[in-house]
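Data block below; observations after.
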Amino acid sequence: MPKVSMTVNGKAVSAEAEGRTLLSSYLREGLGLTGTHVGCDTSQCGACVVHVDGKAVKSCTMFAAEAEGAEVTTIEGMAAPDGTLNAIQQAFQDHHGLQCGFCTPGMVMSAAALLEENPTPTEAEVRHYLEGNICRCTGYHNIVKAILAASGQDVSGIAAE
Amino acid sequence: MYSFDIERPTTIADAVAALGSDEAQALGGGQTLIPTLKQRLAAPAKLVSLSGIAEMQGVCVADDGALCIGGATPHAVVAREAAAAYPALAALAGQIGDPAVRNRGTIGGSLANNDPAACYPAAVLASGATIVTNARSIAADDYFDGMFGTALEEGEIIVEVRFPVPEAASYQKFLQPASRFALTGAFVAKFADGVRVAITGAGEEGVFRWSEAETALSHEFRPDALMDLSVSADGMIEDLHGSKAYRAHLVKVMTARAVAAAAG
């Protein structure tokens, strides 16, 4: 089986992959990085979102071989090495931006991509950007609130629902 | 998925050579093909990824004013980089799927697949664009060939799409909210020598030009010019999301909205 090499969370990695090995499988089974979740496996739900060369992609709908040589960031790469959460993760905790938590890795990765493009989005822009991330608990309200808070905006006027 | 090999050439010539082998298939952004493979609806022996070919990436304006988009350019790049030269096309690209899909899906992949509800075919047909392959140039009017059918030969690659830029244009999509494809979408493009109207999501044979609307709008570019036209339900798609009559109605509504947006 051929080896596929890339940089994941700043570290050079290499693992065997078939042609049909998805990036999500490569990360989870090849590297043991199970923070990236596979929800629907049909590119609808967004639980598997990671960044490839700085762009949010659904890792269940990209082959590992297509990421050869790329810089990949997963949810495991978001906190500081000492475990300190980044601003988005901390905001999800502070504002209870999760219920069961299954969609959270993809939500955080999409939120990071959004804030990179648009550092102070409106509530409508956040909701629009999350079109491809489904929360089966329907806990969108606090997810949106957490992302607005992470962008440094005042969310004290938004009711906790 | 069935097992297959994957190659990632870095030049068009190498990609064409790789596609010459038995049961080889091109892979664009994979946002349709990968789900298809997962369902075992396709069984290529080899996938040839086009994502590593630098000469098929990017957006530029040619000397004749045409907007040129590399076949492997993702929707997100078109949404950003075509915004100044051809805002209606950039807006269309920015409404395909969701942000993560737009970072992978490509214009060439969309056109090679020719999904009857895809957005890009409407832009290409309404703009009178030219599909440039590794072998030839194909006019939009000769390219689309029924549902999921195109003029592409086996192993032929879309390396570039050239769009003449209209004086005014708009794409209005009635969103099918689960798939984010067009339940019906209308692209209206007004050129100095006339108006072109292309409809996606509605016809059983895929994207088509609405010639009666083109004649009426070429005479008078206002939504009211469509008032007396009617669209036959014959040949429209019917599924659980909408009947033939519903789609025929949407053709007129969405075209009128596109004219209003373009004229505004």
Report the residue count in region B:17-64 for those that are free of Cβ contacts under 8 Å to residues at least 12 places away in the same chain and surrounded by fewer than 19 Cβ atoms within 10 Å (Cβ to Cβ).
8
Consider region B:84-116. How many of its residues are more than 14 Å from every other protein chain (Cβ to nearest Cβ) and either more than 19 Å from B:Val165 (Cβ to Cβ) or in a loop (DSSP other than H, G, I, E, B) (or both)?
10
Look through region B:199-246, keep the residues that are part of a strand (DSSP E or B) and touching a Pro at 6+ places or on another chain (Cβ under 9 Å), and return whichever of them is nearest to B:Lys173 (Cα to Cα).
B:Thr200
Of B:Asn113, B:Asn103, the only residue that is over 29 Å from A:Asn118 (Cα atoms) and in contact (Cβ under 8 Å) with a residue 12 or more places away in the chain is B:Asn113
State whether the residues of region A:20-39 include one that is at the interface with chain B (Cβ under 9 Å from one of its Cβ atoms), surrounded by fewer than 21 Cβ atoms within 10 Å (Cβ to Cβ) and under 30 Å from B:Ala24 (Cα atoms).
yes
Taking B:Ala122 as the residue in question, decide whether it is closer than 15 Å to B:Ala66 by Cα, at pLDDT 95 or above and away from chain A (no Cβ under 14 Å).
no
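Yes/no per residue for (1) within 11 Å of chain A (Cβ to nearest Cβ); (2) touching a helix residue (DSSP H, G or I) at 6+ places or on another chain (Cβ under 6 Å):
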residue	(1), (2)
B:Ile6	yes, yes
B:Ala26	no, no
B:Pro35	yes, no
B:Gln39	yes, no
B:Gly58	no, no
B:Val61	no, no
B:His75	no, yes
Looking at region B:74-81, is at least one residue in a strand (DSSP E or B) and not charged (D, E, K, R)?
yes
Check region A:62-72 and report whether any residue there is more than 20 Å from A:Val4 (Cβ to Cβ), surrounded by fewer than 24 Cβ atoms within 10 Å (Cβ to Cβ) and within 9 Å of chain B (Cβ to nearest Cβ).
no
Out of everything in region B:168-198 that is assigned to a strand (DSSP E or B) and aromatic (Phe, Trp, Tyr), what residue ends up being nearest to B:Ala122 (Cα to Cα)?
B:Phe187
Subset of region B:1-16 (residues that are touching a strand residue (DSSP E or B) at 6+ places or on another chain (Cβ under 9 Å), surrounded by fewer than 17 Cβ atoms within 10 Å (Cβ to Cβ) and in contact (Cβ under 8 Å) with a residue 12 or more places away in the chain):
none
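The values are calculated or read from the model by the stated rules, or taken from the named source; none is laboratory data. Model, not experiment: these values are computed from the prediction. We place every Cβ from the backbone using ideal geometry, glycine too, and count neighbours over all the protein chains shown.
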